[in-house]
Amino acid sequence: LSQDELKKMVGYKAVDDYVQSGTVIGLGTGSTAAFAVERVGEKLKSGELKDIIAIPTSIRTQEQAESLGIPLATLDTHSDLDVAIDGADEVDPALNLVKGGGGALFREKIVEMCAKKFIVIVDESKLCDGLGPGFPVPVEIVPFCHEHTMRKIASLPALKGCEPVLRLGDVANNQPDGDEPAVTDNGNYIVDLKFTSPISDPVAAGEQLKATVGVVDHGLFTSMTTACIIAGKEGIIVKDE
Ligand code: DER
């Protein structure tokens, strides 16, 4: 099975197993979450799902949902979500996540914090023993004096040894493809923190990042995951906390 087929399997299963009619749902961002959005659209069209209100976690997810006729709202009118479904860049054994590869971490986090259940959908390539080395940790920062903020981040005790790299080009991927800073849906920059060894205390790292003036939010999603649906060679497994 290709990685795309694995992503589709988990995206569809998340909707089939966790989305009921008459609920408010958070729609994630990225190539795996896009399959979940596709499945919601398909089941609304077939009538298998009715009366869904969806909260998108990025402009591009909003556009995909609009193209599928999925009714949309924002947290301002609907901030009590029954379930949110999203991908991840890394998943550790405790189901702590690195997210933000697609540059949508702020809207993902503010939405997913409002969900009774947060379902993470990944192919097995995302699993790791410790967060950091396998995928640079994205951090959304304000553009004003961003080099100063990057230096502050590099000096944080819980992030010892990290190398902050300003994301350039298209915000939706963390491979630099331009010479201008990538800009998020919220008008901010993304800094990707490269680690050579696992982050020993992701919770402390997250707290220290949030306490740094200039940092909007970060891609460490700790103690948020309700269940993780993983597609691999031997099929699909569901891990819950
Ligand atoms: O940017 C994000 O947070 C995405 O959800 C990312 O974590 C997973 O994207 P992918 O499904 O395209 O790998």
Exercise. Nearest 10 degrees, 0 to 90: what angle lies between the long axis of helix 31-46 and the longest principal axis of the chain (Cα atoms)?
Worked result: 20
Problem set entry | Computed helical MRE - 222 nm, the chain, DSSP H runs ≥ 4 contributing -39500 (n - 2.57), nearest 500 | -8500 deg cm²/dmol
Exercise. Once you mark the trypsin sites (Lys or Arg not before Pro) that are in a DSSP loop and have at most 13 other Cβ atoms within 10 Å, what is the longest gap between them in the chain?
Worked result: 51-159
For this session: Give the Kirkwood hydrodynamic radius (Å, one decimal) of the range 21-106, defined as one over the mean of 1/r across all pairs of different Cα atoms.
Result: 13.3
For this session: Bin all alpha-carbon pair distances of the range 83-197 at 10 Å intervals from 0 and give each bin's fraction as a whole percent.
Result: 14, 42, 36, 7, 0
Seminar exercise, completed: Counted neighbours (other Cβ, 10 Å), sorted fewest up, put ASP76, ASP192 in the order ASP76, ASP192
Exercise. Roughly how tilted is helix 3-18, in degrees to the nearest 10 and between 0 and 90, from the longest Cα axis of the chain?
Worked result: 60
Exercise. Setting aside same-chain residues fewer than 8 positions from LYS7, which aspartates and glutamates have a Cα under 15 Å from its Cα?
Worked result: ASP16, GLU38, ASP86, ASP89, GLU90, ASP123, GLU124, GLU234
Problem set entry | Cα gyration tensor of the chain - equivalent ellipsoid semi-axes, whole Å, descending | 29, 20, 16
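Each reported figure results from applying straightforward, stated rules to the coordinates on display, with no laboratory input. Nothing here was measured: the structure is a model prediction, and the numbers come from that model. In this analysis, Cβ positions are derived from the backbone assuming ideal geometry, glycine residues included, and neighbour counts consider all displayed protein chains.
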